[in-house]
Amino acid sequence: MSRADAVQALFARALGAEAAERARLLAAEPDEDVRAECEELLRCAEREEHPLDAWTVEPDRLRSALEASLGPWPDPPPEKVGPYAIRGLLGAGSMSTVFLGERAHPRGDVAVKVLKPWLAGGEALRRFELEVELLSRLDHPRIARILDAGRADFGAAPHPYLVLEFVRGRPLDAWVEAERPPRRERLRLFNAVCAGVAHAHQKGVVHRDLKPSNVLVDERGEPHLVDFGVARAAGEDLRAASLLTSMGQIVGTLEYMSPEQAAGRSDEIDTRADVYALGVLLQELLTGRRPIEFEGRPLPECLRRIAEEEPAPLGQVDRTLAGDLETIVRKALEKDRARRYATVQELAGDVERFLANEPITARPPSSIYLARKYVRRHPAVAAAAGVGALALVATAVGVSLGWREARAQGRLAEERLAAAEAAREESDRVAAVLAGVIRAPQASAQGRDVLLRDVVLELGDDIREHLPDHPRGRGQLGFFVAQSLSTLGEPTRALERVEASLADMEKAGMLREPIGYDARRLRASLLGQMGRAAESRDAVKELLAEGEPRYGAEDERVLGLLLDLGTALVNVPDLAAAENVFEDALAKHARVFGGADPRTLQAKVAFAGLRLSQGRFDAVIAELSDAWPLLRAAHADEPHRMKTAIGHLSEALTATGELERALALRREQVEICEAAFGPDQYHTWDARMDLAGTLMTLGRFGEVQELSSAVLEWARANLDASHPMVIGSLSSLGSCHLIYDRFEESEASYREAIKLAELHYPSGDLRITTLRLRTAEVAIYQAKGAEAKALLEPLMAELDPRDPAQRSTFFRVRNCLGKAHLILGETDRGVELIEAAVADRVEAEGMASPYSVIGALDASDSFGRSGLYPEALAILGPFEEPLAELAKTSAVHLELATAMALQRGLIHVRAEEPAEAKAALARAEELAAGLEQPIADDVEDAFQLLRTGLEEARAHR
Amino acid sequence: MSRTKPERPRDTDDVTAALYEVLRDLAARSMGRERAGHTLQPTALVHEAWLRLARDDRDTWPDDGLFFAACAKAMRQVLIDHARRRDARKRGGDLVRVELADASAEEPGLELDVLALDEALVGLARAYPRAARVVELRFFAGLTGEEIAPLLEISPRTVDGDWRFARAWLIRALEAGEA
């Protein structure tokens, strides 16, 4: 180690050490010189606030240092410059010093600007002369006028100076800060500045350094533009152009600098650079903040940000500025000057129109344009939701690249080259469509982060329009769009698109190609999602029969289709067949891909769907919990693909009473989506919606209501009016209202949901039926029998009780219709329907099914309310014995048996049969004693009701 | 924004010479243009210099480290040059105090003589070249420790250690010079 190294090493160790340790370290140093130097250096290191520290990036200090090193000039100030008496210093300009001067005739203050002597030769002088020349072209009340120019002696040589109108005022930012004018006043002021700049532009002068400190506001509140020191002549002034090119273009202040200035593209700097600076100025006037703040940032970073960073939309800085003002500022600040306002007049015109409440000319950018920016900022979202949009670009580029490569290699046979050439032409077309969409103005994407969904839809429309003679391209693009829509939770639209795309593919003979096959698979899966389970099953079977020989039994596609088939069979439902398919599929997945592969994991998730339908909740929980860490890892970048898995697992957890765990799962998913996509993207809201569903099963209706309202608000603002998310959140709001006995609100929510569902889903869709049923149930609660009947009768005709998917709904409709008849006093018909509903359910699900028991309890309650006590008791009779047996081993049935005893007791009370009622109560108490879990609230209520009823009966007697 | 092109590496001093003219002009024109604007930060000057040079010379920078080192050297040269000019005027005896409201008030804390600092830095560079480079980048290119570390291919911790050491060393040298 050299001596120098030894010194530095010892210094480093000793500096960080405590006093004692330091002394020990120094004492241990054998070389006395090293020790002595180190001690001295350590003493110096203790010195605080040494001037050296001020050499860090403190601009004021550096400024002083630099200015001190340059020296003030002139020093002392002259008494006179030409005929003007000097009264003081106004400031130092970029190349010059500005004095406050006094003019004799007519008497008045002026500003006298003198070029600094060390710049008085060469380019700086020519620039000074140019300023004089440019200023003398200008004559506008909003621009400080040039009054005189000349040369004066300062000791040595004659020195150029120019004399300007003196503006007694404050810089724009300081003025706004002090006066705090209202928004309209700020806008008016801004337009006055624009008027001055526009005048300069008309005279061929670009200011290039517009910023608040170069706008002085006088006592009357009128702005004046000053400092044309870096202005340049626009247009044909060759002399100025060549001069300035050699001077270099980096003049101006970073925050107000247009991207073309920042990049030093001098040939591109024109009046639109001033438009950009005015855009910054406008935002600063409105919000007090510049679009991009550079405070304290390293300058290479600033440069990059000027070129790349999309400023936050104005509406995000201040909500009240969303809309037209945001659009105006955005257009002025476009990175590409071709997208900016072409002239300052156009910018000022839009501000004028805004003030007059007229429509502005600037249009919010098209959604795909925003989407591209968005994708750049949020790659995770792109990965998740932008399947289509990105795949499109990839297709276009990929085909094109492939062609180029083929060309370059030159090894391809003629015909293959011809095929590649055709493909290239196709890709050019595709690219043209994309470009068209990118350019198309679109009014709907006001300011907010654009939803990829909008882009996808926009893209879809353009395909049809722009590729009329290219069924191949149309088919391909249509498929991608459909894929995206499917990912974005819109199976209806996706199905429409994929069917259109398949028609195109058929024309182009693509159905047998892999992409055609994939499109058909997507269609089959969408059919399933739309509740058309049998059609879905048949379509999948057909695809399998075709695919297996072509691609092989272990092909990824074919294996995926097996899962689709299993899922379709679960939905049909044909659980036995589904079981066989899934077992086969899972074994094959594990063999071909390995146990931890994401595809195998998806197979497990699909299988869990079957287990759920079989009621084998423990199996679902065990299998999915096992696979959970792997699932999470496999979908780290696409957390929304966990939706199905989370759905299955939390449903199983709910069914087994592990509600809190289910809830935790939902909450975690919301958080993960927030982190991956941001708080305001589709998948995040979708996760919140699922969370609301779980909260509902937990009976936390207050939270459900809050969450559903938020979901509804977002979905209404961002999605189609009849998007499933709108319908779903309306429906859960309807349920919340019902719980809190707000019948009118509940009915209104349901009715609106029905209206939208009718627009979105095909007629006869089970979701519409369910909503109508719920509306009818609300009517029943309000004893509106006729209304309920009107809603339910068409449903009875529509539903097919033989279809297993519709059966359960059919029972509910029939039961509900019976209640309606009872309300209307049509007793016989009512009893008949309700009894049939109970019998049907027992037939379908067996006596032991909790749903059957609940159906009987409900029926008994209905009869009891109508005074039909014998019927009310009779309907319970057949259940009591089997239930007593089951209650010995099953907690659920024990609770049901308790409830049934209570129901019996309540009927006896109403029927004024106190002895029987008392016996029923005793039975219920006996049963309840065996319950391990605390009694549910409504059972507790029933106990209370029964006890009170008995006491009243006793008192009555 | 990439300046990385290996074909034409240049020596730091060559680049410094080219930068010097640019920086001197920029620094001079920045005087007083803003009260406390960015254009006065050394980084701003360096940046502007880069912008200006990048136009014609975009591909000639071998790497960021060389560029910033060159800028720092050039900036240092600018300051020394101005300090010498001031000294020359002082010696001319025409120094008169001016009372002007807006005149650049002397900052009381900053009495550091650029020429003395330069001299001290030359000394430091002889024994501790890396520490001297850290100081140069910090003082004259306005870079932070985090920014300096990758340029010198050392860790931010090492930069910090170098700075503490250099600071003590320079204080000692400056005080020795005064005495």
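The values are calculated or read from the model by the stated rules, or taken from the named source; none is laboratory data. Remember, it's a predicted structure, so these values are computed and weren't measured experimentally. Quick reminder, even Gly has a Cβ in these numbers, built from the backbone with ideal geometry, and neighbours come from all protein chains shown.
Over 47 Å from the mean Cα position of the chain (by Cα) and either touching a residue at least 40 places away in the same chain (Cβ under 8 Å) or under 19 Å from residue A:285 (Cα atoms) (or both): does that describe residue A:210? No, not satisfied. Here residue A:861 clears all of (1) modelled with pLDDT of 90 or more; (2) under 24 Å from residue A:900 (Cα atoms) except the condition numbered (1).
To keep it simple, each residue is scored yes or no on (1) over 30 Å from residue A:2 (Cα atoms); (2) at pLDDT 70 or above; (3) more than 8 Å from chain B (Cβ to nearest Cβ).
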{"position": "A:41", "(1), (2), (3)": "no, yes, no"}
{"position": "A:52", "(1), (2), (3)": "no, yes, no"}
{"position": "A:65", "(1), (2), (3)": "yes, no, no"}
{"position": "A:70", "(1), (2), (3)": "yes, no, no"}
{"position": "A:75", "(1), (2), (3)": "yes, no, no"}
{"position": "A:82", "(1), (2), (3)": "yes, yes, yes"}
{"position": "A:96", "(1), (2), (3)": "yes, yes, yes"}
{"position": "A:110", "(1), (2), (3)": "yes, yes, yes"}
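Pairing residues of the stretch A:318-329 that are surrounded by fewer than 17 Cβ atoms within 10 Å (Cβ to Cβ) with residues that are of a type in the set (Gly, Ala, Ser) and part of a loop (DSSP other than H, G, I, E, B), at Cβ distances under 9 Å and at least 6 apart in sequence or on separate chains, gives A:323/A:447.
For the stretch B:125-146, name all the residues that are within 11 Å of chain A (Cβ to nearest Cβ), surrounded by fewer than 20 Cβ atoms within 10 Å (Cβ to Cβ) and in a helix (DSSP H, G or I).
Residues satisfying the conditions are B:126, B:127, B:129, B:130, B:145, B:146.
Within the stretch A:629-674, the set of residues being among the polar types (S, T, N, Q) and in contact (Cβ under 8 Å) with a residue 40 or more places away in the chain comprises A:650, A:654. Taking the criterion of being within 17 Å of residue A:931 (Cβ to Cβ), touching a residue at least 24 places away in the same chain (Cβ under 8 Å) and hydrophobic (A, V, I, L, M, F, W, C), the residues of the stretch A:858-900 that qualify are A:883, A:886, A:887, A:891, A:892, A:894, A:896, A:897, A:899, A:900. All of A:780, A:768 fail the test of being part of a helix (DSSP H, G or I), of a type in the set (A, V, I, L, M, F, W, C) and without any contact (Cβ under 8 Å) to a residue 24 or more places away in the chain, apart from A:768. The single residue among A:26, A:10 that is at pLDDT 85 or above, in contact with a Lys or Arg (Cβ under 7 Å, 6 or more places away or on another chain) and more than 10 Å from chain B (Cβ to nearest Cβ) turns out to be A:26. Do we find a residue being part of a helix (DSSP H, G or I), modelled with pLDDT under 85 and under 23 Å from residue A:782 (Cβ atoms) anywhere in the stretch A:672-693? No - not one qualifying residue is present in the stretch A:672-693. Taking the conditions exactly as written (over 18 Å from residue A:611 (Cα atoms) and of a type in the set (Asp, Glu)), does residue A:658 satisfy them or not? Judged against the criteria, residue A:658 is not a match. Listed by position, the helices (runs of 4 or more DSSP H) contained in the stretch A:485-575 that have at least 1 residues being basic (Lys, Arg) and at pLDDT 90 or above are A:514-529, A:533-551. Of all residues in the stretch A:566-599, how many are over 18 Å from residue A:804 (Cα atoms) and crowded, with 23+ Cβ neighbours inside 10 Å? Qualifying residue count for the region: 4.
Answer with yes or no whether residue A:769 is closer than 22 Å to residue A:572 by Cα, modelled with pLDDT of 85 or more and either touching a strand residue (DSSP E or B) at 6+ places or on another chain (Cβ under 7 Å) or surrounded by 16 or more Cβ atoms within 10 Å (Cβ to Cβ) (or both).
In short, yes.
Residues that are aliphatic (A, V, I, L, M), more than 18 Å from residue A:779 (Cβ to Cβ) and part of a helix (DSSP H, G or I) were ranked within the stretch A:790-832; the one that is modelled with the highest pLDDT is A:831.
Here is the figure for the stretch A:459-484: residues that are basic (Lys, Arg) and at pLDDT 70 or above total 2. Within the stretch A:751-760, none of the residues are acidic (Asp, Glu) and either closer than 24 Å to residue A:823 by Cα or modelled with pLDDT under 85 (or both).
Working only within the stretch B:147-179, note down all residues that are charged (D, E, K, R), within 19 Å of the chain's Cα centre (by Cα) and facing another protein chain (nearest Cβ under 9 Å). Result: B:147, B:162, B:164, B:167.
Scanning for something among the polar types (S, T, N, Q), assigned to a helix (DSSP H, G or I) and over 20 Å from residue A:616 (Cα atoms), does the stretch A:633-655 turn up at least one residue? Looking through the stretch A:633-655, none of the residues is among the polar types (S, T, N, Q), assigned to a helix (DSSP H, G or I) and over 20 Å from residue A:616 (Cα atoms).
For (1) surrounded by fewer than 24 Cβ atoms within 10 Å (Cβ to Cβ); (2) within 23 Å of residue A:712 (Cβ to Cβ); (3) in contact with a helix residue (DSSP H, G or I) (Cβ under 6 Å, 6 or more places away or on another chain), each residue gets a yes or a no:
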position: A:621; (1), (2), (3): yes, no, yes
position: A:634; (1), (2), (3): yes, no, yes
position: A:654; (1), (2), (3): yes, no, yes
position: A:658; (1), (2), (3): yes, no, no
position: A:669; (1), (2), (3): no, yes, yes
position: A:675; (1), (2), (3): yes, no, no
position: A:679; (1), (2), (3): yes, yes, no
position: A:683; (1), (2), (3): no, yes, yes
position: A:696; (1), (2), (3): yes, yes, yes
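Of A:872, A:786, A:839, all but one fail to be in the same structural domain as residue A:897 (by TED's automatic domain parsing) and aliphatic (A, V, I, L, M); the exception is A:872.
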